[in-house]
1. Using r as the Cβ-Cβ distance of A135 and Q101, and R0 as 25 Å, what FRET efficiency do you calculate, to the nearest 0.05?
2. Summing +1 for each Lys or Arg and -1 for each Asp or Glu, what net charge is found among the other residues whose Cβ lies under 9 Å from the Cβ of D52?
3. Quick check: net charge around P160, other residues with Cβ under 9 Å of its Cβ, Lys/Arg +1 and Asp/Glu -1?
4. So how many Å³ per residue does the convex hull of the Cα atoms of the range 126-172 work out to?
5. Fully extended, how many nm does the chain gain between A175 and E113 (0.36 nm per residue separation, minus their Cα-Cα distance)?
6. Pulled fully out, how much extra length does the chain show between D149 and R46, if you take 0.36 nm times their separation in residues and subtract their Cα-Cα distance?
Amino acid sequence: MAPSSLRNRIIAGLTSAIVVALSVAASAHRPDEYLQAARITIDPDRVQVELDLTAGMSVADAIIRDIDRDGSGSITSREAREYAAGAVKTMRLEVDRRPLQLELTNVTVPDLEAIRRGEGAIRLELNARLPSLAAGPHQVFFLNAHRTDLGVYLANALVPVSPRIEVTAQRRDVAQREITVDYVLTTNPPARGRTLLPLGALVVLSLATVGWMRERQ
């Protein structure tokens, strides 16, 4: 099997495992919490952030009121984008301590009854272009300060799709509102023998998710 094909299979499998782990965490959060799970993907020229916002049953109506500004009982695309844009203003993304401009590329709001049951996640898809960076070590920093009165947080970097990106470490604050991702940008794809690194990233994620679930119980 070609190295690129093997790498793609590893990435697909581990990314699916990460999504499952975060789904388990979402189902375990308490009804008075607003779970906010961020997944960060680093490419050579951009950073992508997917943020799933899942309201617990006892706070779901308050979140719906924040989005449904006219009280019509349904969410328009404009209301969804306005809510998402407000959330983005509370976030910060940096590379090597230089601020990046986060752009909202898509927002998806599920059925309101699913939100009220504590099952439906509001998904924000964000994108930021990176400046031209030299080959070598770099850092991406992400802070989420949306609804800190209700929020509980998860943050993880996904396995990079580009063979030029190698994530070497992830560090989070206790609340997981902040995450710093160390990575190396290479000029050429890394050697074939490096395919074991994503497995380490998955182990770290699994331990972090299990630890978070134990703390919430």
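Readers should treat all values here as calculations from the given coordinates under stated rules, not as data from a laboratory. In this text, all values refer to a predicted model and were calculated from it rather than measured experimentally. Note that each Cβ is placed from the backbone with ideal geometry, even for glycine, and that neighbours are counted across all protein chains shown.
1. Numbers: r = 24 Å, r/R0 = 0.94.
Efficiency computed from Cβ-Cβ geometry: 0.60.
2. On the way: positive: R39, R123; negative: E50.
With Lys, Arg at +1 and Asp, Glu at -1, the neighbours total +1.
3. Working: positive: R164; negative: D43, E166.
With Lys, Arg at +1 and Asp, Glu at -1, the neighbours total -1.
4. Details: hull volume 5.2 nm³, N = 47.
Convex hull of Cα atoms, per residue: 110 Å³.
5. Numbers: separation 62, 0.36 × 62 = 22.32 nm, distance 2.87 nm.
The A175-E113 span can extend by a further 19.5 nm.
6. Details: separation 103, 0.36 × 103 = 37.08 nm, distance 3.07 nm.
Extra length available between D149 and R46 comes to 34.0 nm.
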